[in-house]
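Worksheet: one structure, shown below.
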Amino acid sequence: MAVSRQTGSAVDDARRGFAGFHAVFGVEPAGVWAAPGRVNVIGEHTDYNDGFVLPMAIDRACYAAAAPRADRVLRVHGAQIGEGGETIEIPLDALVGPGSAHDTRDASSSDMSPLADPAVSGWAAYPVGVAWILQQAGFPVGGADLYLTSTVPVGAGLSSSAALECATALALAGVSGFELTTAELARHTQRAENIYAGVPCGPLDQMSSAFGQDGSVLFIDTRGGEVRPQPFDLAAHDALLLVIDTRVSHAHGDSGYADRRAACERAAAFLGVKALRDIPAEALPETFAKVVVGLDETTARRVRHVVTENARVEQFVAILHAEPVSLPRLGHRMMQSHASLRDDYEVSAPELDLAVATAVAAGAHGARMTGGGFGGSAIALVDRDQLDAVQDAVRAAFAENSYTEPQFFPAVASAGARRIA
Ligand code: GLA
């Protein structure tokens, strides 16, 4: 089977953390923590509309090896930054928050405008933002040395930043001697990304990394944060979920993401509901017409995506519980989701559309973009005996279009953030 697997056993992962930490800091770490990336199986751009999502944690993770320090200094080494890694150092007491000491926004602020802390920028804003938010929330964060390394590809729409944030948070809690509940872990890391890194994401990524479970997808009602793991044993059906990383970095979609989010908020305000989650599928025709007249046709299509996508998540879960589970029916919902993201929500990319169309033409039951879009990865539901045909077809189609060669690997539903050594 020609799929690449970068992760080894938990023992290998722990060893990697120990060895890397020792090489940089010259001593042994006190422990190693891991937090996975995710794929979202269905339910895209619904999380910031209080809607439904169905992600799973994958067996690619960020590893944080850490040791406490006697002073109140945080040193973080990013092993994959630049040539040979990069270390940043910051006194915890200097973390007064993004902006300045006079900035009144705090961890509970709902103002998510991008903020820049002059002390940290780039990748370092992610781990430092986590230390900042935990302090803001009253946790006794102590000085620490942290070594971070990851097998989640960056920019591939697989939540490498949520993995980094969750691994950092658990490592800081571990070496400082306090506990975080899984819900606290998800909530604080999302706030760190919103406020400190200035990325207006919803709760999907951090909740997936925090709550992941072996062999399950997670039905999450993002209003209230209820998580209901659902069995997802594709191996029992001789099938798998194939990740197709288009190698188009999704980073250039940042403004597109913020635009979509703003359009949804505008529409909800216009319709007099708290969030688009409150529009029932039956009310869609009437709602669509109302938004076309009162706002514009583009916004009406954004609304239609969110309303129909929420319904598709519920339908997908119902199919998972049917006996026998029908892979073609699951695949059909994935195709509908992709079409809606492409045509109504307009967050796909030519490479994603090609990956999806080619995978299905080559025998996949269904495929769709996953994550925020504008690049990143697609996922395809594939019978094992079709795997080579699907990969070969997608690779050939990309070559014909002179696109960068895509990367493939199976998404294996995995455990969430945890201590591994
Ligand atoms: C990104 C965001 C998530 C979610 C998805 C789209 O991954 O970080 O919060 O909005 O896009 O479903």
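Carbon-plus-sulfur fraction of the accessible area of the chain, 1.4 Å probe, in percent?
Reported share for carbon and sulfur atoms: 51 percent.
Under 8 Å for C-alpha pairs, at least 6 residues apart: give me the relative contact order for the stretch 159-220, rounded to a whole percent.
35 percent
Most mobile of G373, G212, G174 per a Gaussian network model of the chain (Cα springs, under 10 Å)?
Comparing G373, G212, G174 in the GNM, the peak value goes to G174.
In nanometres, what is the gap between the two model label sites at A30 and S9, each 7 Å from Cα along Cα-to-Cβ?
Taking the simple label geometry, A30 and S9 are separated by 2.8 nm.
Any chance you could give the angle, 0 to 90 degrees and rounded to 10, that helix 327-343 forms with the longest Cα principal axis of the chain?
Between helix and principal axis, roughly 80 degrees.
For the pair E89 and A235, how long in nm is the line joining their label points, each one 7 Å along Cα→Cβ?
Using points 7 Å along Cα→Cβ, the separation is 4.6 nm.
Mean separation of Cα pairs under 8 Å and 6+ residues apart, divided by the residue count of the stretch 270-421: what relative contact order is that in percent?
So the answer I get is 15 percent.
Evaluate E = 1/(1 + (r/R0)^6) for D296 and V73, where r is the Cβ-Cβ distance and R0 equals 45 Å; express this FRET efficiency to the nearest 0.05.
0.30
Note down the net charge around G225, summing +1 for each Lys or Arg and -1 for each Asp or Glu among other residues with Cβ under 12 Å from its Cβ.
Neighbour charge sum, excluding G225 itself: -2.
Using DSSP loop states and a limit of at most 14 other Cβ atoms within 10 Å to flag GluC sites (Glu not before Pro), what is the longest stretch of the chain containing no flagged site?
180-421
With a probe of 1.4 Å, find how much accessible area the stretch 194-297 has per residue, and write the answer as a whole number in Å².
It amounts to 44 Å² per residue over the stretch 194-297.
Please give me the summed charge of the neighbours of A318: other residues whose Cβ is under 14 Å from its Cβ, Lys and Arg +1, Asp and Glu -1.
+2
R0 = 60 Å: FRET efficiency of H22 with D385, Cβ-based, nearest 0.05?
According to the calculation, E is roughly 0.85.
Give me the percent relative contact order of the chain, please, defined on Cα pairs under 8 angstrom at least 6 residues apart.
Relative contact order here is 23 percent.
Looking at the square roots a ≥ b ≥ c of the eigenvalues of the Cα gyration tensor of the stretch 270-421, which shape do they give, rounded for a/c under 1.5, prolate if a/b is larger than b/c, or oblate?
Prolate shape, in that a/c is at least 1.5 and a/b is the bigger ratio.
The values are calculated or read from the model by the stated rules, or taken from the named source; none is laboratory data. Bear in mind that the values here come from a model prediction, so they are computed numbers and not experimental data. No Cβ is skipped: glycine too gets one built from the backbone with ideal geometry, and neighbour counts run over all protein chains shown. These area figures cover heavy atoms from the full protein model, side chains too; ligands, DNA and RNA do not enter into them. Shrake-Rupley method; radii C 1.70, N 1.55, O 1.52, S 1.80 Å.
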